[in-house]
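See below for the structure under consideration.
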Amino acid sequence: MKNPLLHYRLMTPGPTPVPPSALKILGQEIKHHRTEEFREIFRRAIFLLQEIFCTQNKIAIMCGSGTAAMEACVVNAVPAGGKALVLYSGKFAERWAHLCKRFGITPILYEVPWGEVFLAEKVAEFLQREPDIQAVFSTLSETSTGVGHRIQEIGREVAKTDALFVVDGISGVGGMECRTDAWGIDLLAVGSQKALMTPPGLAFVAVSEKAWRKMDTTDIYPPAFYLDLRAYRKSAETWDTPYTPSRTLIAALAENLRILSEIGVENIWAHTSRMARSVRAAMKAMNLEIFAKEPCDVLTLVKMPEKIHVSSLLTRLEEEFGVKIAGAQGDLKGRAIRIAHMGFIDYLDLIGCVAALEQVLISQKWPITPGTGLTAMQKKWLEKTV
């Protein structure tokens, strides 16, 4: 962004903007963490995370990105030599398979084309054919494809077995519906930098009693030290962490969770869904294709026509309008864009994004009339109140 007078609008699916009250906390003087003051902040953060995650389960807070939470889930859920069913579609679903292989776990792949969803009945068939599967690894919202997967239905099938149900909720939790306990999620991995509106650096794992029982009945320690979830459970008994925490990030997180709690988690889900529907209406009005068959609510992945130069489009959006959205990944790189609508991103941010996108598309000779997407977006937004 070359023009210093432009207001920077961060609309990527991670990191996302941070509310001003949390930014103030991040700018405060560093304090020590082994204090009663920090333990109170930590306790408050845990209770609020449980509220946002819709769980009574214990939650580990560790330093790291969402991938640290995913790795913790893998090494604690399945011992080396075991089998895991990986619901495989998208870059972050692939990460489950890569992690399994790295730790000597055999990944059995249930694969669907990018953009499609997994079917609960197919998961049940895999579990019946391979009764020694010890965990099922899935994804709530696949950031690389924009798909929202049917976690509730899949969880219902996994709960009938001894397998643990492990879900990557990194980009979705806090922005779209995820009822950890009601949906039978045994290990939920989440990161701080998406719908929870906190800078990157914190990872969370919510652990069910079923998962703890499995961990407690084995004498085999996980092939990790820092990521051993039992260490976090022990320290949490005194509202503390086993290793040095990011005190400042946790304090900022607690403030953001307070904001989310005041709004109410179901109100947040409804608001994010409304923004998602409005963005999708704008894209369709501009004759652009939504990639996901069943889109998630926290981001929209839009396929770009062949005649549109995506790299140039992204650069111009940022340099001329201050709008930062993301390109796509994997086979979709250079062929699609990703617009986030979660956390501290509001409707007027999206209005600005769509207006800027229209102008750049028109400059690249895409045949639309100025205001086409904006009109459709506003009409969709008004459906809730008119």
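The values are calculated or read from the model by the stated rules, or taken from the named source; none is laboratory data. Since we're looking at a predicted model, the values are computed, not measured. Cβ: placed from backbone, ideal geometry, glycine included. Neighbour counts: every protein chain shown. These accessible areas exclude ligands, DNA and RNA; they are computed on the full protein's heavy atoms, side chains included. Shrake-Rupley method; radii C 1.70, N 1.55, O 1.52, S 1.80 Å.
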Review point. List the aspartates and glutamates whose alpha-carbon lies under 17 Å from that of LYS160, not counting same-chain residues fewer than 8 positions away?
Key: GLU121, GLU125, GLU130, ASP132, ASP181, ASP186, GLU209
Check your understanding: Going by alpha carbons, how many degrees (0 to 90, nearest 10) lie between the helix axis of 372-382 and the longest principal axis of the chain?
Key -> 50
Practice item. Kindly flag which residue pairs out of LYS101/LYS194; LYS31/LYS234; LYS31/LYS210; LYS194/LYS303; LYS303/LYS380 have an alpha-carbon separation exceeding 29 Å in this structure. Key: LYS31/LYS210
**Study point:** Fraction of antiparallel bridges per DSSP, the chain only, in percent to nearest 5
**Key:** 50
Check your understanding: For the chain, modelled as a Gaussian network with Cα springs under 10 Å, which listed residue fluctuates most, PHE291, PHE225, PHE47?
Key -> PHE225
Check your understanding: What is the percent of Cα-Cα separations in the stretch 1-60 that go past 15 Å?
Key -> 72
Study note, to complete from the structure: Helix 91-102 sits off the longest principal axis of the Cα atoms of the chain, rounded to the nearest 10 on a 0 to 90 degree scale, by 30
Check your understanding: Want the number for GLU320 to PHE225: 0.36 nm per residue separation, take away the alpha-carbon distance, what's left?
Key -> 29.5 nm
Point to revise | Accessible solvent surface per residue of the stretch 76-182, calculated while the other protein chains remain in place, 1.4 angstrom probe, Å² | key: 37
**Study point:** Rounded to 10°, Cα long-axis angle of helix 265-285 versus longest principal axis of the chain
**Key:** 40
Review point. Between ASN287 and PHE344, what FRET efficiency comes out of the Förster formula 1/(1 + (r/R0)^6) with R0 = 22 Å and r the beta carbon distance, rounded to 0.05?
Key: 0.10
Study note, to complete from the structure: Taking every other residue with Cβ under 15 Å from the Cβ of ARG95 and scoring Lys and Arg +1, Asp and Glu -1, one gets -2
Practice item. Figure the gain on full extension for TYR8 and TYR243 (residue separation times 0.36 nm, minus the Cα-Cα span) and round it to one decimal in nm. Key: 81.0 nm
**Study point:** Max mean-square fluctuation residue, GNM over the chain, Cα-Cα springs under 10 Å, options LYS24, LYS122, LYS101
**Key:** LYS24
Revision key, fill the gap. For LYS324, the aspartates and glutamates lying under 17 Å Cα to Cα, once residues fewer than eight places off in the same chain are dropped, come out as ASP346, ASP349, GLU358
Point to revise | Dipole in debye (nearest 20) - the stretch 83-147, about Cα centre, beta carbon charges: Lys, Arg +1; Asp, Glu -1 | key: 300
Review point. What full-extension length gain, to one decimal in nm, is calculated for LYS234 and LEU109 as 0.36 nm per residue of separation minus the Cα-Cα distance?
Key: 41.6 nm
Review point. With labels modelled as points extended 7 Å from the Cα through the Cβ direction, what inter-label distance (nm, one decimal) is found for ARG34 paired with LYS365?
Key: 6.8
Check your understanding: Which longest uninterrupted range of the chain lacks any GluC sites (Glu not before Pro) assigned by DSSP to a loop state (not H, G, I, E or B) and surrounded by at most 10 other Cβ atoms within 10 Å?
Key -> 30-236
Review point. Where the centroid of each part is defined by its Cα atoms, how far is the stretch 263-307 from the stretch 22-62 in Å?
Key: 31
Exercise for review: Report, to the nearest whole %, how much of the accessible area of the chain belongs to carbon and sulfur atoms, 1.4 Å probe, protein only.
Suggested key: 52
Review point. Under 20 Å from a point 7 Å along the Cα-to-Cβ line of ALA270: which residues of the stretch 158-186 have their amide N that close?
Key: 173-180
Check your understanding: Nearest-5 percent of antiparallel DSSP beta bridges in the stretch 1-156?
Key -> 15
Check your understanding: Ignoring ligands, DNA and RNA, how do ASP186, ASP132 rank by accessible area with a 1.4 Å probe, largest first?
Key -> ASP132, ASP186
Check your understanding: In the neighborhood of VAL75, defined by Cβ-to-Cβ distances under 10 Å, what is the net charge if each Lys or Arg adds +1 and each Asp or Glu adds -1?
Key -> -1
Review point. What distance in nm separates the simple spin-label points at GLU209 and GLU306, each placed 7 Å from Cα in the Cβ direction?
Key: 5.9
Check your understanding: GNM, the chain, Cα, under 10 Å: largest mean-square fluctuation among THR315, THR139, THR241?
Key -> THR315
